[in-house]
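Novice: Encoded as structure tokens, here's the structure I'll be asking about.
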């Protein structure tokens with residue numbers, strides 16, 4: 001494999017379509033079990049890959065270097081093989097920031113709730129802090145050093161003005177699920193879901209019904225892919241391609257539904 005994506009279950013992924021629209025190479029989807037992951041990373045028989053759930057942190061011990069974003073976040077979604085040296089990057093950071101700016105979502109001085117505490121969550125939290133959020137609260141199904149429980153969130157943080165979902169709740173095929181009921185957050189102005197399949201999650205649909213800004217993850221997916229291609233090929237691409245590819249993929253997937 002020259003270029004591709006590794007992760008757990010990849011049947012829902014649009015990454016092959018997106019990369020092959022952005023660049024002139026074949027992009028392979030490579031689902032790996034935990035047992036297959038170790039030899040794959042030890043052999044590193046690839047030019048460059050993207051990494052998704054659940055390996056964004058697991059890949060780090062195999063890498064020779066990390067860029068500043070990957071170091072700050074503690075998660076990697078892009079790896080480039082430079083003559084046997086593996087370089088780790090995180091383009092989720094840039095992809096999420098692109099999506100907020102595209103939709104004129106300002107978090108400066110606001111309380112933000114981030115649902116989920118995995119690799120994607122770390123990138124989202126880093127962006128929110130960089131964009132000067134007043135407070136960032138991480139929520140997960142179990143309490144950890146960095147996350148509170150949903151019960152604690154409902155007890156203390158229903159005044160949140162921005163919510164980002166980085167958990168898999170609501171992702172295909174479990175499209176009827178939603179991580180929270182937004183009627184419990186009357187101050188909320190905007191909701192971003194990093195899930196891109198389905199094209200509109202139940203969470204985003206409810207946000208729009210309640211008059212909030214609601215954004216699904218497809219634009220972030222395309223944006224982070226474009227920034228990954230720049231690392232893969234050591235080149236610069238026009239950001240206008242993000243919108244162009246986003247609309248093509250969106251129309252294609254709507255046609256399939």
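The values are calculated or read from the model by the stated rules, or taken from the named source; none is laboratory data. Quick caveat, the model's predicted, so the values are computed rather than measured. Here the Cβ is made from the backbone with ideal geometry for all residues, glycine too, and neighbour counts use every protein chain on show.
Novice: Within region 1-31, how many residues turn out to be in contact (Cβ under 8 Å) with a residue 40 or more places away in the chain and not in a loop (DSSP other than H, G, I, E, B)?
Specialist: Residues flagged as in contact (Cβ under 8 Å) with a residue 40 or more places away in the chain and not in a loop (DSSP other than H, G, I, E, B) within region 1-31 amount to 11.
Novice: A further question on this structure: Looking at (1) outside the structural domain of residue 194 (by TED's automatic domain parsing); (2) buried (at least 20 other Cβ atoms within 10 Å of the Cβ); (3) part of a helix (DSSP H, G or I), which is the only condition residue 76 fails?
Specialist: Of everything listed in (1) outside the structural domain of residue 194 (by TED's automatic domain parsing); (2) buried (at least 20 other Cβ atoms within 10 Å of the Cβ); (3) part of a helix (DSSP H, G or I), residue 76 misses just condition (3).
Novice: Listed residues 147, 177, 126, 164; which is surrounded by 22 or more Cβ atoms within 10 Å (Cβ to Cβ) and either in contact with a helix residue (DSSP H, G or I) (Cβ under 9 Å, 6 or more places away or on another chain) or under 19 Å from residue 58 (Cβ atoms) (or both)?
Specialist: That would be 164, the only listed residue that is surrounded by 22 or more Cβ atoms within 10 Å (Cβ to Cβ) and either in contact with a helix residue (DSSP H, G or I) (Cβ under 9 Å, 6 or more places away or on another chain) or under 19 Å from residue 58 (Cβ atoms) (or both).
Novice: Kindly indicate whether residue 100 is outside any loop (DSSP other than H, G, I, E, B), in contact with a helix residue (DSSP H, G or I) (Cβ under 9 Å, 6 or more places away or on another chain) and under 19 Å from residue 234 (Cβ atoms). Quick ask: steps written out before the conclusion?
Specialist: Values: outside any loop (DSSP other than H, G, I, E, B): yes; in contact with a helix residue (DSSP H, G or I) (Cβ under 9 Å, 6 or more places away or on another chain): yes; under 19 Å from residue 234 (Cβ atoms): no.
When the stated conditions are applied, residue 100 does not pass them.
Novice: Just one of 53, 105, 49 is within 29 Å of residue 147 (Cα to Cα) and either at pLDDT 95 or above or part of a helix (DSSP H, G or I) (or both); which is it?
Specialist: 105
Novice: From the set of residues in region 190-205 that are touching a residue at least 24 places away in the same chain (Cβ under 8 Å) and either part of a helix (DSSP H, G or I) or outside the structural domain of residue 103 (by TED's automatic domain parsing) (or both), which is surrounded by the fewest Cβ atoms within 10 Å (Cβ to Cβ)?
Specialist: 202
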